[in-house]
Amino acid sequence: MNRSVMELNLSLMDSEFGMDNCTYQAAWDWISLLEPLWLSIISIFGLVGNGLVLLVFCMQRNPCSVADLYLGNLALANLVMVLCLPFWAVTIAQNYAWSFGYTLCKVINTAISMNYFCSIFFLVLVSVDRYLALARTMSRSRLRRSSWAKRMCLGIWIIGFLASVPTLLFRGVGYFPDLGIHACFLSYPHPGWRVQRNLSINVLGFAIPLPIIVFCTYHIIKALKESDIRFVPGVRTEKRATRLVLTVLAVFLFCWTPHQVIRLLDTLEYYQITPGGCLFEHVLDISEQFSTYLAYADSAINPFLYVLVGKHFRKRAKGVFKQFITPGWKDGTPNGTLASRYSESRKDSNLIDKRVIASVHILRTQLTHLNTLPGL
């Protein structure tokens, strides 16, 4: 039995197949009533928000920085996902009757599955970029070159697709005579595939990326607290960029961690480690519904974080929109508007690196003299 609403909510079907003493039908009816509305809200806000973010990235006059590439791909992954949700909003409103054909059943759900893996990996790259920008200012990593960033983005899309191959293979449309509908559902050849799917989400999509994010975040915050770093040219703008990145990371973890925990509990329930019984199974089923929708909401929240927290993104967005309103208007805002929040363009980075080397040399000389003072 698979428990995600995007896996047809098979527990609801089981209850209708004869679990008379343990249906909790009222709870499921209430959830099914709210699901289409919630998915529609996520889709509308996510479509508008991520669409505008991509518009700003694509229409800006200056070349995209490394961080622009990562965040642009993150917005694209979110946009693809929210474009898929209306199909399920309609399906749930029709009592899970799938009316979009066999091919779309596979494509839509594979795209939804890819969204999570791609999103977390792009956030890992953004974290590493911030770490290199603030904690390793003297290093010249290939990851901060646009050519390598494009390769990394392509690799992430490939990894996200490969991780979603089980969804592509085992999704299908079948007729359920007791319900009188054709439904799009997961049909694993063996129950063990359910565990494999949960583990891939927990390990590949959380256990591996999380330590990297924590490591980078720790050193980023440590660098932000260093008082002497404020004298290094370009670091002040990098600090503003990093605060936005940390906000995006915090919201992502808030939205997706409950879903990860529920997936883990589902695996433990498969091995009968958790408390058994009908009540626990339904609590687990219902919790997965809510955790899934909370996770999907992250795709709609991110663009508004850029606007609310990202001062320089607002400036760049105004510049792009003025191009439409006033043809021929030249954007005088430098590429540092958004890239300064994340990373400078290749040309600006080379210039800053030279200034950083000179500044750090001066700082070290000054600090050497300061260390000779009493009490230091």
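This table checks each residue for (1) among the β-branched types (Val, Ile, Thr); (2) over 22 Å from Tyr116 (Cα atoms); (3) outside the structural domain of Tyr131 (by the TED database); (4) open to solvent by less than 10 Å² (accessible area, probe 1.4 Å).
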| residue | (1), (2), (3), (4) |
| --- | --- |
| Asp29 | no, yes, no, no |
| Leu37 | no, no, no, no |
| Ile42 | yes, no, no, yes |
| Leu47 | no, no, no, no |
| Asn62 | no, yes, no, no |
| Ser65 | no, yes, no, yes |
Look at Thr247 and say whether it is of a type outside the set (A, V, I, L, M) and part of a helix (DSSP H, G or I). yes
Which residues, counting only those in the range 79-112, are under 30 Å from Phe215 (Cα atoms), out of contact with any Cys (no Cβ under 6 Å at 6 or more places or on another chain) and surrounded by fewer than 24 Cβ atoms within 10 Å (Cβ to Cβ)? Leu79, Val80
So which of Ser113, Ser99, Ser147 is in the same structural domain as Pro209 (by the TED database), over 25 Å from Leu224 (Cα atoms) and touching a helix residue (DSSP H, G or I) at 6+ places or on another chain (Cβ under 6 Å)? Ser113
Which one of these is out of contact with any strand residue (DSSP E or B) (no Cβ under 6 Å at 6 or more places or on another chain), modelled with pLDDT under 95, closer than 25 Å to Trp88 by Cα and not aromatic (Phe, Trp, Tyr): Pro209, Pro191? Pro191
Check on Val173, touching a helix residue (DSSP H, G or I) at 6+ places or on another chain (Cβ under 7 Å) and either modelled with pLDDT under 95 or in the same structural domain as Asp266 (by the TED database) (or both): yes
Pairs under 6 Å by beta carbon, first residue within 15 Å of Val203 (Cβ to Cβ) in the range 262-277, partner open to solvent by less than 70 Å² (accessible area, probe 1.4 Å) and of a type in the set (S, T, N, Q), six or more apart or different chains? Arg263/Asn198; Arg263/Asn202; Leu264/Asn202; Asp266/Asn198; Thr267/Asn198; Leu268/Thr274
Here are Ile120, Ile108: which of them is in contact with a Pro (Cβ under 6 Å, 6 or more places away or on another chain), assigned by the TED database to the domain that holds Tyr293 and touching a residue at least 24 places away in the same chain (Cβ under 8 Å)? Ile120
Restricting to the range 267-296, give me the number of residues that are crowded, with 17+ Cβ neighbours inside 10 Å and either within 26 Å of Val82 (Cβ to Cβ) or small (Gly, Ala, Ser) (or both). 10
Checked against (1) part of a helix (DSSP H, G or I); (2) over 30 Å from Leu52 (Cβ atoms); (3) assigned by the TED database to the domain that holds Ala27; (4) at pLDDT below 80, Leu308 satisfies every condition except (2)
Of the numbered conditions (1) out of contact with any Gly (no Cβ under 6 Å at 6 or more places or on another chain); (2) closer than 28 Å to Leu76 by Cβ; (3) not in a strand (DSSP E or B), Leu179 fails exactly one; give the number of that condition. (2)
Collect the residues in the range 239-266 that are open to solvent by less than 10 Å² (accessible area, probe 1.4 Å) and more than 17 Å from Ile208 (Cα to Cα), keeping them in residue-number order. Ala241, Thr242, Leu244, Val245, Val248, Cys255, Asp266
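The values are calculated or read from the model by the stated rules, or taken from the named source; none is laboratory data. Treat the numbers as computed from the prediction; the structure is a model and nothing was measured. Note that we place each Cβ from the backbone using ideal geometry, even for glycine, and neighbour counts take in every protein chain shown. Side chains are part of the model used for accessible areas, which takes the heavy atoms of the whole protein and leaves out ligands, DNA and RNA. Shrake-Rupley method; radii C 1.70, N 1.55, O 1.52, S 1.80 Å.
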